Amino acid sequence: MTAQRMAGIGRGAPVSIVVDGSPVEAFGGESLAAALLAANIVQLRKSPREGGVRGAFCFMGVCQECAIIVDGTVQQACLVPVHDGMTVTLRGSV
Ligand code: FES
């Protein structure tokens with residue numbers, strides 16, 4: 001799939017998510033943040049105060065830097081498992 005994933009690790013079934021209108025392949029059981037990182041998508045949003053670029057940092061639900069719009073609501077990408085047909089909006093501030 002991508003060079004970002006380790007070889008030899010069992011994975012869930014392939015799923016397709018939609019990121020800003022473009023399809024991205026992922027695997028069931030992956031967090032959205034991990035799937036985005038594997039797809040080389042690291043800039044997730046902009047800071048509402050200064051407009052600086054933000055991306056996942058802790059990958060365990062602490063920093064809030066991965067807050068993006070998932071299926072129409074703001075969610076932490078590192079805590080949300082991907083599912084087939086998931087829609088993700090990255091642009092703008094959250
Ligand atoms: S990456 Fe820190 S809360 Fe998601």
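Some points to look at:
- Those residues of the range 54-91 which are within 10 Å of the ligand (Cβ to nearest atom) and among the small types (Gly, Ala, Ser), in sequence order: Gly55, Ala56, Gly61, Ala67, Ala77
- Options Ala39, Ala13, Ala7; residue that is of a type in the set (Gly, Ala, Ser), at pLDDT below 95 and more than 13 Å from the ligand (Cβ to nearest atom): Ala7
- Test for Gly61: is it at positive phi, in contact (Cβ under 8 Å) with a residue 24 or more places away in the chain and among the small types (Gly, Ala, Ser): no
- Only one of the numbered conditions (1) within 12 Å of the ligand (Cβ to nearest atom); (2) out of contact with any Asp or Glu (no Cβ under 8 Å at 6 or more places or on another chain); (3) farther than 23 Å from Ala13 by Cα; (4) not aliphatic (A, V, I, L, M) is not met by Lys46, and that is (1).
- Among residues of the range 61-94 being of a type in the set (Asp, Glu) and more than 18 Å from Val42 (Cβ to Cβ), the one that is surrounded by the fewest Cβ atoms within 10 Å (Cβ to Cβ) is Asp84.
The values are calculated or read from the model by the stated rules, or taken from the named source; none is laboratory data. Predicted model, so just to flag it, every value in this text is computed and none were measured. We place every Cβ from the backbone using ideal geometry, glycine too, and count neighbours over all the protein chains shown.
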